[in-house]
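Coordinate-derived values only; no laboratory data. Every value quoted in this text rests on a predicted model; they were computed, and no experiment measured them. Cβ placement follows ideal geometry from the backbone for every residue including glycine, while neighbour counts extend to all protein chains displayed.
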Amino acid sequence: DQARTPVLKVTGPLGSGKTRALMHVRSESFPVAHLAVASPRSEMPPPAVRLLQRCQAILPAGEKALARKLASLIRELAADPEGEVSPSRLIEALGQVSRRLGPWSVVLDDLHRAGGAVWQVAAALLAASRDDRSLRVVLMGRKGGPWPGAPQSLTALPVVEIPELETEGGEDLLERLLPGVSLPDRVRQGLVAASAGNPLFLEEAVVRMIQR
């Protein structure tokens, strides 16, 4: 039910399956613009440019006029060394995308390492979602204290916390990954202990074990 609210925070430790859980909940027919926050030292385009690129990518093939408008705005922002966009222009662009897509979602991921430009984009998304019933915004990041630079308004948002994988859950996951295979207790317990609550580590360990 929380995944259907206009704005949602999803937190959890590294590798706990935050993104996978969200993608499992959403409908496959529900367009998603998923933007992972780049490292501050990254040479990737500014977040506003990357968000508009994601929006452009999920437009239906026939929406050529809107695709051209987004491309024009992307070129304009890319030419600006700061890559900043006024909130009103970004909100307007998001509204045009909503009118073409109907229900859709924007996911901002890895917000535990976000900088000021990312929070400007997040603020525009939150403002857009207040008047746009088609848009859902999901803010994702690792658990552990406030995200650096995050606006105070984020503290009031509903939160879904993805917990670490407990021992019993790790053994259940092994059974699903290896149906019909009975591992020796020493091997099973060693894999679960080595994963330290990280299901992605456990899956990778099983894949490597099978490939051998």
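Observations, loosely collected:
- FRET efficiency, residue 88 to residue 57 (Cβ-Cβ, R0 22 Å, nearest 0.05): 0.40
- Spacing of the modelled spin labels on residue 30 and residue 64, each 7 Å from Cα toward Cβ, amounts to 3.2 nm.
- Taking each residue as 0.36 nm, the span from residue 172 to residue 133 lengthens on full extension beyond its C-alpha to C-alpha distance by 10.2 nm.
- Extension gain for the segment residue 155 to residue 78, taken as residue separation times 0.36 nm less the Cα-Cα distance, is 24.5 nm to one decimal.
- Between the beta carbons of residue 113 and residue 71, assuming R0 = 30 Å, the FRET efficiency works out to 0.60 to the nearest 0.05.
- By average C-beta atoms within 10 angstrom, highest first, the peptides 66-73, 103-110: 103-110, 66-73
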